[in-house]
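Reviewing the structure listed below.
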Amino acid sequence: MANTEEHHITAFDPSSFFTLHDYNGNGRWEVDEILRTYGLMDESNKDVPLSKRDEYQRQLTGLLDHNGDGFVSRNEFMSFVANGGTLPDLGTGPGHHGDDEYEYEIHHWEKYHDENTRLEDLNHPEDIEHFRKHDEMEEAEERLAKLDRMAIVQENIPAKFRKSS
């Protein structure tokens, strides 16, 4: 059920698993938290059709939400596990819990790299994609900083209000 290696734990503990995946810390799993746990909120699953996401949502809430209130409480999850329940593998990948940096670190860096990795060793497709995203974010920040320094940004003025040259 849980990837203990990914979570840096030695054994599965249902209560800790529940807490780890209660991303907003409100004591219950909401639908978006369940979908996030299964990686369905991640860019890597952007091509999963909405109908399939809805199907997964119905399947998982049907398994876990015993009182039908649209949420999964800790007690519902603990009861599910105590009765021998295991979360199904929906084939959506390892699940995603954090931002891109966290995901890259736990799903790639820890598996293939370490503190001795040299820059020239970062040549896996995942490394290249990761650093490409960093480059794009830096370029976007530079564009915004440039716009912030401008007194007037002509592109923001609707054409009907611009002076014709």
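Does any residue of region 77-92 turn out to be open to solvent by 80 Å² or more (accessible area, probe 1.4 Å), of a type in the set (Asp, Glu) and at pLDDT 90 or above? Checked against the condition, which is being open to solvent by 80 Å² or more (accessible area, probe 1.4 Å), of a type in the set (Asp, Glu) and at pLDDT 90 or above, region 77-92 yields no hits at all. Asn67 fulfils the conditions (1) open to solvent by less than 100 Å² (accessible area, probe 1.4 Å); (2) free of Cβ contacts under 8 Å to residues at least 12 places away in the same chain; (3) closer than 30 Å to Gly27 by Cβ except for a single criterion, (1).
Within region 88-104, is there a residue that is under 20 Å from Tyr38 (Cβ atoms), among the β-branched types (Val, Ile, Thr) and in contact with a strand residue (DSSP E or B) (Cβ under 7 Å, 6 or more places away or on another chain)? No, region 88-104 contains no residue that is under 20 Å from Tyr38 (Cβ atoms), among the β-branched types (Val, Ile, Thr) and in contact with a strand residue (DSSP E or B) (Cβ under 7 Å, 6 or more places away or on another chain).
Among residues belonging to region 122-132 that are part of a helix (DSSP H, G or I) and among the hydrophobic types (A, V, I, L, M, F, W, C), point out the one that is least open to solvent (accessible area, probe 1.4 Å). Going through the qualifying residues, I end up with Phe131.
Any residue that is loosely packed, with under 15 Cβ neighbours inside 10 Å, under 19 Å from the mean Cα position of the chain (by Cα) and at pLDDT 85 or above - is there at least one of those in region 100-121? No; the residues of region 100-121 include none that is loosely packed, with under 15 Cβ neighbours inside 10 Å, under 19 Å from the mean Cα position of the chain (by Cα) and at pLDDT 85 or above. Within region 105-151, the set of residues being of a type in the set (D, E, K, R) and closer than 29 Å to Thr37 by Cβ comprises Glu105, Glu110, Lys111, Asp114, Glu126, Asp127, Glu129, Arg132, Lys133, Glu136.
The listed residues are Asp148, Asp114, and the only one of them that is assigned to a helix (DSSP H, G or I) and either in contact with an Asp or Glu (Cβ under 6 Å, 6 or more places away or on another chain) or over 25 Å from Thr19 (Cα atoms) (or both) turns out to be Asp148.
For region 30-110, the helices (runs of 4 or more DSSP H) that sit wholly inside it and include 1 or more residues that are over 22 Å from His134 (Cα atoms) are 31-37, 50-64, 74-82.
The values are calculated or read from the model by the stated rules, or taken from the named source; none is laboratory data. On a predicted model such as this, the values are computed, not experimentally measured, just so you know. When we count neighbours, we look across all protein chains shown, and the Cβ atoms used for this are built from the backbone with ideal geometry, even at glycine. Side chains included, ligands, DNA and RNA excluded: accessible areas come from the protein's heavy atoms. Shrake-Rupley method; radii C 1.70, N 1.55, O 1.52, S 1.80 Å.
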